[in-house]
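K.L.:
This is the structure I want to talk about, given as structure tokens.
The values are calculated or read from the model by the stated rules, or taken from the named source; none is laboratory data. The shown structure was predicted, so the numbers you read here are calculated from the model rather than taken from an experiment. No Cβ is skipped: glycine too gets one built from the backbone with ideal geometry, and neighbour counts run over all protein chains shown.
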């Protein structure tokens with residue numbers, strides 16, 4: 001299961017190996033969200049102001065989705081800072097506290113143009129509810145496996 005053909009076309013590519021960091025160690029969830037946002041920024045998916053909006057969203061409501069996964073994204077007001085739809089992937093094998101006793105091992109940054117973020121969230125929820133896939137993504141040292149499982 002993966003994303004629609006629209007997101008797989010080269011001109012609409014939402015993720016590539018440059019948007020993936022494996023084996024990351026972070027001190028806190030703010031640092032994890034920052035890395036996820038910087039990957040989107042550094043690869044031309046968002047303007048710098050979007051990074052602040054990702055932190056604001058996290059302060060308002062946790063983006064922890066369960067099964068060891070957090071999916072930080074910007075506030076609705078920050079949509080104007082999105083250049084194109086994209087995903088970043090940060091693997092944190094030791095985990096990071098996302099509050100309320102929730103530990104994230106995978107942090108997936110989202111930037112969705114228009115309503116595309118809704119389709120992304122729906123697809124990610126379907127993929128990441130599979131505990132075996134999520135466990136494999138937590139442990140892999142191969143970016144190609146991340147792409148294969150998520151796209």
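K.L.:
Count, please, the residues in region 59-74 that happen to be buried (at least 17 other Cβ atoms within 10 Å of the Cβ) and closer than 22 Å to residue 119 by Cβ. I'd like the intermediate steps shown before the answer.
P.N.:
Our first condition is that a residue be buried (at least 17 other Cβ atoms within 10 Å of the Cβ); within region 59-74, this holds for 63-65, 67-74.
With closer than 22 Å to residue 119 by Cβ added as a condition, the list becomes 63-65, 67, 69-74.
Number of matching residues: 10.
K.L.:
So, one more: Quick one: count up the residues across region 28-42 that are touching a strand residue (DSSP E or B) at 6+ places or on another chain (Cβ under 7 Å) and either surrounded by fewer than 16 Cβ atoms within 10 Å (Cβ to Cβ) or at positive phi (or both).
P.N.:
Number satisfying all stated conditions: 1.
K.L.:
What single numbered condition from (1) over 13 Å from the mean Cα position of the chain (by Cα); (2) at pLDDT below 95; (3) surrounded by 14 or more Cβ atoms within 10 Å (Cβ to Cβ); (4) within 19 Å of residue 51 (Cα to Cα) fails to hold for residue 112?
P.N.:
(1)
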